[in-house]
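> Structure in structure tokens, see below.
Just so it is clear, none of the values below were taken in a lab; they were calculated from the coordinates. Model, not experiment: these values are computed from the prediction. Cβ placement follows ideal geometry from the backbone for every residue including glycine, while neighbour counts extend to all protein chains displayed.
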Amino acid sequence: MPRPAQSQNTAPVAGNPFVSISHSQAGPANPHAGPPVHGRFQPNKKQIDTPIHLIYSVRKINEGPVNATGQILTLLRDSGPASRADLVRATGLSSAGLTKIATSLMQQGILDERQVDNHSGPGRPPVALSLRSDARYVIGIHLSAGRTRVVIADVLLNVVAEDGFTFDLNMPVEALVDRTAQIATQLIDTSRLPRNRLIGIGVGLPGGVDRARRVNIHSSFTNWTNVPFAALFEERLGLPAILEHNATAIALAETQYGRNRSSARTLHVFMGRGIGAGLAQGAHSTERGAARGPVEIGHIVLDPEGPPCRCGGRGCLETYFSEQPILQCIGLDAVPPEGLIARAMESEAWPDLYQRFLQALSTAVTLLSPDSVGLGGHLHSAPEQLLTDLRRDLPRRVMPQQREGLTINRTGLDKPIGARGAACIGLEAFFYRTGPAPLLSTAHMEPA
Ligand SMILES: [Zn+2]
């Protein structure tokens, strides 16, 4: 069926006035794709035909173009309700430009307007604009080695529904995507959210992603290589999808919603079966959104003659300090109820294990200069003593200017951390538009 004339070049995604799909940006054809599968979300013809009137004002901030609507939404998310005058000052938009955007956002149920309660000056109390947390929703999917978690989150990253499952690493990837999409669909059904408020899918994956090709690069745990996860989820769920390395997604969520919101540069270290990390710029960084990505802390070589690693090297941190080697070291078959690190810290092997972790973490901090380190996964549930020890020992191993202000904490995000990170990526791409424009396929945009 031919597309409507208006969608030849760009068209808004159904239910989402912020996302336009540029055919010139579309990813490569999906090798798995048969006929387009529309899932349950058929685009609303009326919405497809609506011109994109919101994306009309683009300013340059630092190096990246920032969408004016996204800028307003981000300000209201980070600073709370604000008057129109405050928003004009903060954004540099004209009053008329701001009013036009604000009116449209209110009509779409994204902003509320309310009188300021504690006004004490003369005249009428000013009116503040505030962001409605239920304005829109995203699906966050965290795929890790053998575990999948799916959430639906609102625009403030509150999780309104979640579910997940464990899987055998030999499970065919198409079957894994089918099962995951099925869970997402069940969550949508049971949460009874208006479907036109669902705007996209964020997917967190191990091993890094190729954003331009919209595929994962390689995960040595799962052996997934070049899998077009974005297109696969789009076909099944009928929503635009964006991929990110899982620990990087968590790092970004920490800087935007977690304990490290005041941080300029957050390194999130996540230990599941393996150990990995991600780096993201914080909300107050002048380079916001400019630098983020995976940090292969698990493959920092500590002993070139050490045990073979699944990456092909020898003596990487992960061969000593990840789930399986630690379990072996302490003589257990499975993670104990009190937590892996808690039990390890009681064992004779701990001083050696700790020194290896400290060495790799110090190297990462020396190279990347984060001002906050967040610990997740097994490290999140570690006894407080681990944090005390790291706060004492790590600063001595990095440059003086890197010590200053360096904080080391458990991640400030609530569980499920990985799926929250994935949802954050979805919000950033499809609602706040603070990062690079997502590359989208158009499979789900075919008119019914
Ligand atoms: Zn390795």
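> What is the extension gain from Asp352 to Asp393, computed as 0.36 nm multiplied by their sequence separation minus the C-alpha to C-alpha distance, in nm to one decimal?
On the way: separation 41, 0.36 × 41 = 14.76 nm, distance 1.42 nm.
Contour length minus Cα-Cα distance gives 13.3 nm.
> Still on this model: What does the charge add up to near Thr407, with Lys and Arg as +1, Asp and Glu as -1, over the other residues with Cβ less than 14 Å from its Cβ? Working shown, then result.
Numbers: positive: Arg259, Arg261, Arg265, Arg391, Arg392, Arg403, Arg410; negative: Glu254, Asp371, Glu404.
Charge balance in the 14 Å sphere: +4.
> Please find the FRET efficiency linking Asp414 to Glu305, where r is the Cβ-Cβ separation and R0 is fixed at 35 Å, and quote it to the nearest 0.05. Show your work: numbers first, answer last.
Details: r = 42 Å, r/R0 = 1.20.
With R0 = 35 Å, the Cβ-Cβ based efficiency is 0.25.
> May I ask you to order 380-393, 292-305, 206-219 by the average number of other C-beta atoms within 10 Å around their residues, highest value first?
Numbers: 380-393: 15.1, 292-305: 18.1, 206-219: 19.9.
Most protected by this proxy first, the peptides run 206-219, 292-305, 380-393.
> Over the stretch 93-205, what is the relative contact order in percent, taking alpha-carbon pairs closer than 8 angstrom and at least six residues apart? Please list the in-between numbers first.
Working: 156 pairs, mean separation 25.8, N = 113.
Relative contact order comes out at 23 percent.
> Ok, one more. Output the Kirkwood hydrodynamic radius of the stretch 262-412, Cα pairs only, in Å rounded to one decimal. Don't skip to the answer; put the middle values down first.
Numbers: mean 1/r = 0.0634 Å⁻¹.
With all distinct Cα pairs of the stretch 262-412 included, I get 15.8 Å.
> Over the stretch 262-412, what is the percentage of antiparallel beta bridges among all DSSP beta bridges, to the nearest 5? Let's see the in-between values first.
Details: 13 of 23 bridges.
The antiparallel proportion sits near 55 percent.
> On a full-extension model of 0.36 nm per residue, what is the gain between Arg314 and Phe165, subtracting their alpha-carbon distance, rounded to one decimal in nm?
Values: separation 149, 0.36 × 149 = 53.64 nm, distance 3.22 nm.
Length difference between fully extended and current span is 50.4 nm.
> A further question follows. As an exercise, take the mean of 1/r over every pair of distinct alpha carbons in the stretch 98-206, invert it, and state the Kirkwood radius in angstroms. Don't skip to the end; give the middle numbers.
Values: mean 1/r = 0.0608 Å⁻¹.
Averaging 1/r across every pair of different Cα atoms and inverting gives 16.4 Å.
> Over what distance in Å are the Cα centres of the stretch 348-362 and the stretch 394-429 separated?
Each part reduced to its Cα centre gives a spacing of 20 Å.
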